[in-house]
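S.K.: I have a structure here, written as structure tokens, and I will follow up with some questions on it.
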Amino acid sequence: MSIASIQSDRLGANPFVVEGPIVSGSGNFSLGAVAGGDRESEWVYCQLVLASQTTLQPGQWFQWTRDYVASLLTTAIAVVGQRCGVFSGAAQPPTLTGGPVGAITLAPGTYYVWLQRNGQAPALVATATAALVTAETTTTAGQASAPASATATTKAIANVNFAAANQTFTATTVNGSNLLTSLSGLNAGSGPFIGAAVSGTGISGGTTISGITYSPSGVVQSITLSANATANGTGTTVTATGVLEATLMRPFLSKVN
């Protein structure tokens, strides 16, 4: 995951803020404004209009119009030629729940969000094939897929690359605890990410990552699971899927498969 570094004049890395509900004309940035960060990352400032309560998760895919009005990406509403990217996390006012790197639940209203279009980012995927340079839409809002061959009637997403079909690392599990500690083989910038499904000895089926703790220097110290471990284990191999690191190269919807 990349961190934008020039959004404000405050020192240090600043997570973006989901703004809103907002009175028209009160925003701090122009729609279409671009901010940059490390790992070649770029974000675009877009408007997001929500008709109902919606939860945004890091890695969800969005498309946006030439007027920078964004919507969660699905096959049914995907428009060939429109640009797309991912929601890579944000901070938010205390009136909203979630964040800064977890899911954020928003009430109906008009919001303004930063969506990542370039660099290394979390990406919500149903299926991923390593080194595949194109992805495709799915029927699930905000979820893409990168299978070995294209699925008929989906919309192709050009300029996306997945380094691996999953991520593996080792950890210590404690029976009855939802924390993974003594982590090895992972990098804070490359994941794993909140929302990813995890499997391994002593980890119940359907378990996901619900939280990540970092040291002041940015090293991952522990991972919080959605369910307690069922066994003690040292050096347990953990496999994460569903939210994977993608390299975005200003992706766009290129064609109908």
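The values are calculated or read from the model by the stated rules, or taken from the named source; none is laboratory data. Quick caveat: nothing in here was measured; it's all calculated off a predicted structure. Cβ atoms come from the backbone with ideal geometry, glycine included; neighbour counts cover every protein chain shown. Accessible surface is based on the protein model in full, side chains and every heavy atom, while ligands, DNA and RNA are left aside. Shrake-Rupley method; radii C 1.70, N 1.55, O 1.52, S 1.80 Å.
S.K.: Kindly provide log₁₀ I(q)/I(0) values, in the same order as q = 0.13, 0.20, 0.27 Å⁻¹, from the Debye equation applied to equal alpha-carbon scatterers of the range 155-223.
M.R.: After summing over all Cα pairs, the log10 values are -0.42, -0.88, -1.45.
S.K.: FRET efficiency for T230 and T168, Cβ-Cβ distance as r, R0 = 22 Å, nearest 0.05? List each step's numbers first, then the result.
M.R.: Numbers: r = 20 Å, r/R0 = 0.89.
Rounded to the nearest 0.05, the efficiency is 0.65.
S.K.: Compute the distance in nm between two label points, each set 7 Å from the Cα along the Cα-to-Cβ direction, one at T139 and one at T239.
M.R.: 2.6
S.K.: Another question about this same structure. Quick one: how many Å² of L50 are accessible to a 1.4 Å probe, rounded to 10?
M.R.: 20
S.K.: Once the whole set of protein chains is in place, how much accessible area is left on F29, using a 1.4 Å probe, in Å² to the nearest 10?
M.R.: 70
S.K.: On to the next question. Hey, if we sort V220, V174 by accessible area with the 1.4 Å probe, largest down, what's the order?
M.R.: Greatest to least solvent exposure: V174, V220.
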